[in-house]
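Encoded as structure tokens, the structure appears first; notes follow it.
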Amino acid sequence: MPSLESIQQAYLDASFKGFPLDHHPFQLGQAAEQALNLLAGDLPFPCAILRESALSHNSRWYAAFAKELGIDFAPHGKTSMAPQIFERQLRDGAWGITVGTVQQAWIALDAGVERVLMANQIASAGEAQRWLSMTARYPKAIMLSLIDSQAQLEMLCKAAQAAQAADHARTQPFKVLVELGRAGGRTGCRSLEDALELALEVSRRPELELLGVEAYEGLAATGESEKDEAMVHDWMQSLTALVEAIEQAKAWDGKEVIISAGGSSVFDLVARALVKARQHLTCLRPIRIVLRSGCYITHDDGNYRRLQTAMEARGLSQTIREGLPITCCGPAWHRGWLQGVKQSGLMPAMEVWACVQSRPEPDLALVTMGRRDAGFDSGLPAPVLSYRKGQIEAVPSHWKLQAMNDQHGYLRLHEEDELQVGDLIGFGISHPCTTFDKWRLFWVIDDAYNVISAIRTFF
């Protein structure tokens, strides 16, 4: 069971990708005592690392952003599936942790998370029974999930009835948020009218409790502010209209109303739209706005960096930028575009390091990183740093990763570039989720590339 204590006590050995083969096994909590350094050759390549200074900054920055607007956040745990990161996020002010599956909820609960929001539907009778088992195992935890159809409602009710009959005791009701989707989108009721009808039916069933509403706008974001502002405005307006309609019907079951949205793409637009709408709602209960961004904790060097540039152009909070200055810009870490990252607030914390294994053509280098090591669903990794001749440098802008095989990366450069076999390249990634799930072990480094801790993932 992945409790925080058991994670720290678990042994690391050569069965973990990224663990040095010639090093004796040690407990994860002893990582800092091993005197390992990325640039000294103490770690094998490829190797996945997280920068402590950037992780710490991102965690505090997002918490300050939410606090400034008077809202809550439940970071999406599926990004990292690392209870150690959950603990950091909760310590810095997160209201709870979001998950995508029943298994992810179990991992979060077992690690001590007290509020879990499954931003997904319970989709089978077996999963419904497992969910109910977890409510019995963690009676003090708040466990929320989504609902978007009458068919799902009937399935949940039958599961609750069967559990109660088997245990001869009252089973906790499913605590649900009605999801409002959009035509052509993912899950969710396709109209305000359908969502209201479902909400009213939920309120009539003793097996269910209606605690709020939910939407997910992230897949519809484009990075073009005018389009994204219109999309978010219309969607959030419909979501708050649903809250108003449920309030008029006196159908809420909880002491407060939860309104949840906001992935990592346009969380600034969602937050401000919901805060503004909250001011005009006539709901008698307190309203809790919960954002669910997950990728902020590591940010990235690709898609989210691009989306953050659009957020910055729209004007992120000046108070946040000035209140949390960047402190990790020492000589060991300097990128050509770092000033732009300072302005956006969030900083890339994840890198995959590889070494040059071949220069078979004048304008090509092969590196020891492939599809098994770094995500590529939102763009190929980008070379950001090199270590050669004993020096860390920002790479030239013309260096581009052209393609990846399972274990190889094709790095295009110029013939005159002095890149040799054995030199190291640090790659930034795009969309951290699909790199996190390729590693069971991440080394956390300081800005001198010393290993100061280790993080386990549980996918």
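Residues of the stretch 89-105 that are out of contact with any Gly (no Cβ under 7 Å at 6 or more places or on another chain), free of Cβ contacts under 8 Å to residues at least 40 places away in the same chain and farther than 15 Å from Cys295 by Cβ: Leu90, Arg91, Asp92, Gly93, Thr101, Val102, Gln103, Ala105.
I need the full set of residues from the stretch 42-90 which are more than 19 Å from Pro2 (Cα to Cα) and β-branched (Val, Ile, Thr), in order please. Hits for the stretch 42-90 are Ile49, Ile71. Based on what the data block shows, is Val102 modelled with pLDDT of 95 or more, more than 21 Å from Val213 (Cβ to Cβ) and surrounded by 16 or more Cβ atoms within 10 Å (Cβ to Cβ)? Criteria met by Val102.
Listed here are the residues, each with its yes/no results for (1) part of a helix (DSSP H, G or I); (2) surrounded by fewer than 17 Cβ atoms within 10 Å (Cβ to Cβ).
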| position | (1), (2) |
| --- | --- |
| Lys276 | yes, yes |
| His280 | no, yes |
| Ser293 | no, no |
| Arg306 | yes, yes |
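Quick one: would you say Gln339 is at pLDDT below 95, crowded, with 20+ Cβ neighbours inside 10 Å and not aromatic (Phe, Trp, Tyr)? Answer is no for this residue.
Put simply, of Leu39, Leu4, Leu12, Leu55 the only residue that is under 24 Å from Gln104 (Cα atoms), touching a Leu at 6+ places or on another chain (Cβ under 8 Å) and of a type in the set (A, V, I, L, M) is Leu12. Can you tell me how many residues within the stretch 16-39 are at negative phi, part of a loop (DSSP other than H, G, I, E, B) and touching a residue at least 60 places away in the same chain (Cβ under 8 Å)? Of the residues in the stretch 16-39, 6 are at negative phi, part of a loop (DSSP other than H, G, I, E, B) and touching a residue at least 60 places away in the same chain (Cβ under 8 Å). Out of Gln129, Gln121, one residue alone is polar (S, T, N, Q) and out of contact with any strand residue (DSSP E or B) (no Cβ under 9 Å at 6 or more places or on another chain). It is Gln129. Ile326 satisfies every condition listed in (1) aliphatic (A, V, I, L, M); (2) outside any loop (DSSP other than H, G, I, E, B); (3) modelled with pLDDT under 95 except (2).
Among the residues of the stretch 431-457, the one identified as farther than 25 Å from Asn37 by Cα and part of a loop (DSSP other than H, G, I, E, B) is His431.
Where strands (runs of 3 or more DSSP E) fall entirely within the stretch 350-396, those with at least 3 residues that are within 22 Å of the chain's Cα centre (by Cα), in contact (Cβ under 8 Å) with a residue 12 or more places away in the chain and closer than 18 Å to Ala48 by Cβ are at 350-361.
The values are calculated or read from the model by the stated rules, or taken from the named source; none is laboratory data. Computed from a predicted structure; not experimentally measured. Virtual Cβ from ideal backbone geometry, glycine too; neighbours counted across all protein chains shown.
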